[in-house]
Each structure stands twice: as C-alpha cells, then as structure tokens.
1. Out of everything in region 256-272 that is of a type in the set (F, W, Y) and part of a helix (DSSP H, G or I), what residue ends up being nearest to A238 (Cα to Cα)?
2. Exactly one condition in (1) in contact with a Gly (Cβ under 7 Å, 6 or more places away or on another chain); (2) at pLDDT 95 or above; (3) assigned to a loop (DSSP other than H, G, I, E, B) is false for F212; which is it?
3. Which numbered condition trips up L40, out of (1) buried (at least 18 other Cβ atoms within 10 Å of the Cβ); (2) out of contact with any Lys or Arg (no Cβ under 9 Å at 6 or more places or on another chain); (3) closer than 18 Å to Q85 by Cα; (4) hydrophobic (A, V, I, L, M, F, W, C)?
4. Return yes or no: is C51 within 9 Å of the ligand (Cβ to nearest atom) and of a type outside the set (D, E)?
5. Keeping to region 223-238, report how many residues are free of Cβ contacts under 8 Å to residues at least 60 places away in the same chain and either open to solvent by 30 Å² or more (accessible area, probe 1.4 Å) or within 15 Å of the ligand (Cβ to nearest atom) (or both).
6. Under 7 Å between Cβ atoms, at least 6 apart or on separate chains: pull out the pairs that start in region 195-222 with a residue that is acidic (D, E) and end on any residue that is open to solvent by less than 20 Å² (accessible area, probe 1.4 Å) and not in a strand (DSSP E or B).
7. Considering (1) open to solvent by less than 40 Å² (accessible area, probe 1.4 Å); (2) in a helix (DSSP H, G or I); (3) under 28 Å from T199 (Cβ atoms), say which one C90 fails and leave the rest.
8. Inside region 11-35, can you point out the residues that are within 11 Å of the ligand (Cβ to nearest atom) and crowded, with 18+ Cβ neighbours inside 10 Å?
Amino acid sequence: MKRIVSIQDISCLGKCSLTVALPIISAMGVECSIVPTAVLSTHTMFQNFTCKDLTDQIGPIARHWQAEKIRFDAIYTGYLASAEQIGDVCDLFDAFKTEDNLIVVDPVMADNGKLYPAFGPEFPAEMAKVCAKADLIVPNLTEASLLTGLPYRTEYDESYIREMLQSLAKLGPRYVALTGVSFEKGRLGVMYYDQKEGTYGSYFTEHLPASFHGTGDVFASTCVGGLMRGLPLGEALALAADYTVECIRLTLASPEAKWYGVEFESAIPYLVKRLEEGK
Ligand code: PXL
C-alpha cells in the first residue's frame, strides 16, 4: 500500500483540510500520515475561530520519522498556518524527497480574489517558496495570481490561462494544474501544463450553481489519491473534478451547508466505484 503524508491544519468543525483529506485518501486505499500545522475551532471563514499554531511540532515530528527511516510515496501540503512554519515545511520536503516520490502543493491561501483572513500580504511570497520545491501544484486562479503577480481576472481566454500556467511553472514545479477555470458558461474545470514536455491538457465538467467551503481540499486530496493509485495526471485531475462535482450535487439539497462543507461522505461509494472501474 502506498503511504503519503499530508501537511495541513485540523479545523475541528467545517469539513476541510485534514478532516477531508484523511477519509478521502484512506477510502482510495492509500495510507495517509499527517502533520497538523495548526488546530482551529473551525476554518477561518467563521468569525471568532480559535487557532493553536503547531509550528514547533513540525521539526521534531520530521526528525523522529527520519530516525525511524520512514519513507513516503507522496508529500501533500494544504493550508499552512503561518509564514513562520514555511521553513520547517521546506526542511521536511528536503528530508523526505526521494528520486521517485511526489511533492504535491495546494497553495491554500485565497479565493474569489481575496487572501484568507489569517494571512498578511507577505504570505504569498512565502507560499511561493513551498511551490518551488513541488513536483505538482494545484492553485485556484486567485492563488495563481498572488503567486505570479499576474492580474486576477474573472473574464479571460485561453491565452491568459496559458500565460498563468507558464508563469507558475517558472516558480519550479514540473506540473501545474489551475483549478476553477471556465471558458464557457455552465462548464468548469482544470487546465494543466507539463513544463518538461511543454504540453497542456484540460478537463471540464458541469458548473453547478453553488459553491461550498472545502471543495478545493476535496479536489486536491482526490487528485493525490488518484496519482498514488497509478492514474496519469490528466485522469487523476478528471477524477478529482468529477468527484468534487458529485459531492456538490449531493450537497445542493442543503444550502445551509455553505460554510460547513460538502457531503463528501455520501459520495465515497461513487469515488471507490470509479477507481475500481479504472482497473
Ligand atoms: O479549505 C481551505 C482551508 C483550510 N483550512 C483552513 C481554512 C481554509 C479556507 O478558508 O480557513 C483553516
């Protein structure tokens, strides 16, 4: 069985980050170790959330694992709690990177044109250092704009997305997948770029008329799980997009769920079936 480590926060309520990554990656038949970057009462879209930053645990956890000669098939980072812990996360990458494992960075920090409340304007430059060490990054358009300095647009064409992908690739990662891309009303998806081969790909699916918290984490977790199950990047991204849409579809009936995340649990049988069909 493949083993990965996911580095992101525990939001105790409001399905996102580790409370989403763990069950999804486990359901995909991949062992998921964790390094919690912080413990929060809820994600940061709630008012008055509590947050205990766990920066001081990252180094000791990594050193213990090194002493135990632990190896990971992938390292997957999501929400990092502070600029202070960026150096520790980069050190962990250096400690566990091998010739054949994969570093996947979801540079979680912003959406809809705005940084998340816990981050200051210096944070995107710090996140760029994490992206520089990745094999694959999966930003949304807001994060991509903050990482590259290119303008954030809600109306664009394919040349803007290609420019964004190339600019992101200059940060370092071989593969870049931009999420939340839409060239046509009613269709939403992902466009990706392989810097080494100079090739592009895309996958679009239904754009359902709702947005829920935590869907970026559902997408990234599924993509990592798919890659670990041996899917090529384009298929892992397509599975991630399809599963995310399925989760949203199942959640549409309860619109009060907006800040509480999607019903990814109910869609797990769909995910497992898709994996089985791909064999
Ligand atoms: O879903 C991304 C995410 C993860 N963790 C925390 C967040 C957010 C987005 O707001 O606040 C704590």
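1. The initial filter retains those residues of region 256-272 that are of a type in the set (F, W, Y), namely 259-260, 264, 270.
Those left that are additionally part of a helix (DSSP H, G or I): 259, 270.
Working: W259: 25, Y270: 14 Å.
For region 256-272, the residue satisfying everything is Y270.
2. (2)
3. (2)
4. Numbers: within 9 Å of the ligand (Cβ to nearest atom): yes; of a type outside the set (D, E): yes.
Taking the combined requirement at face value, the residue satisfies it.
5. Taking region 223-238 as the starting set, the residues that turn out to be free of Cβ contacts under 8 Å to residues at least 60 places away in the same chain are 230-232, 234-236, 238.
Pick out the ones that are also either open to solvent by 30 Å² or more (accessible area, probe 1.4 Å) or within 15 Å of the ligand (Cβ to nearest atom) (or both) and you get 230-232, 235.
Result for region 223-238: 4.
6. If the second residue must be open to solvent by less than 20 Å² (accessible area, probe 1.4 Å) and not in a strand (DSSP E or B), the pairs left are E206/V245; D217/C16; D217/S17; D217/V20; D217/A21; D217/G78.
7. Just one mismatch for C90, condition (3).
8. S11, G14, K15, C16, S17, L18, T19, V20, A21
The values are calculated or read from the model by the stated rules, or taken from the named source; none is laboratory data. This is a predicted model, so every value here is computed, not measured. Note: ideal-geometry Cβ built from the backbone for every residue, glycine included; neighbour counts use all protein chains shown. Each accessible area value is taken on the protein alone, full model and side chains, heavy atoms only, with ligands, DNA and RNA left out. Shrake-Rupley method; radii C 1.70, N 1.55, O 1.52, S 1.80 Å.
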